[in-house]
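Worksheet: one structure, shown below.
The values are calculated or read from the model by the stated rules, or taken from the named source; none is laboratory data. Computed from a prediction, not measured in an experiment: that's the story for all the values here. Neighbour counts run over all protein chains shown; Cβ positions are idealised from the backbone, glycine included. For the accessible areas, the whole protein counts, side chains as well, though only heavy atoms, and no ligand, DNA or RNA atoms are used. Shrake-Rupley method; radii C 1.70, N 1.55, O 1.52, S 1.80 Å.
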Amino acid sequence: MIGTAGTLPRSSLLKDLERRHDDAPPRDAMRAAVLEGAERYVALAHAAALRLHDRLAAEARRGSAHRRRTLPADRTVGDVWLSRLTGALTHHRNAASALIRKGG
């Protein structure tokens, strides 16, 4: 019987891993077997990383907006926390953009 995307069923993949390894199988191989193939594992990991960067960028955006509202205009330039939040926002936006360019 063939599973999703032409791979062996999950139970066969796990049994094959157990036969080939005396110790615990590698984590990546276990994940790929449970998810019925490496392609699905890669796609789910990519989507999870994209969601993580999206969530962290949203948190940094909200945090920096809140910090800007609480500071007087003449103190925003030198504020350390605002600089950290905008740096985090920049990082997560760039990381999400790189993931989108890499794999859609």
Matching residues, the range 60-101, being in contact (Cβ under 8 Å) with a residue 24 or more places away in the chain, charged (D, E, K, R) and under 21 Å from Ala45 (Cα atoms): Arg93
Those residues of the range 55-70 which are within 19 Å of Gly103 (Cβ to Cβ) and open to solvent by 80 Å² or more (accessible area, probe 1.4 Å), in sequence order: Arg55
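Okay, residues lined up against (1) among the acidic types (Asp, Glu); (2) more than 16 Å from the chain's Cα centre (by Cα); (3) not in a helix (DSSP H, G or I):
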residue	(1), (2), (3)
Ala60	no, yes, no
Ser64	no, yes, no
Arg68	no, yes, no
Asp74	yes, yes, no
His91	no, no, no
Arg101	no, no, no
Filter pass, Leu52 being at pLDDT 95 or above, open to solvent by 50 Å² or more (accessible area, probe 1.4 Å) and among the aliphatic types (A, V, I, L, M): yes
Single residue of the range 71-101 satisfying the filter (open to solvent by less than 80 Å² (accessible area, probe 1.4 Å) and among the β-branched types (Val, Ile, Thr)) that is modelled with the lowest pLDDT: Thr76
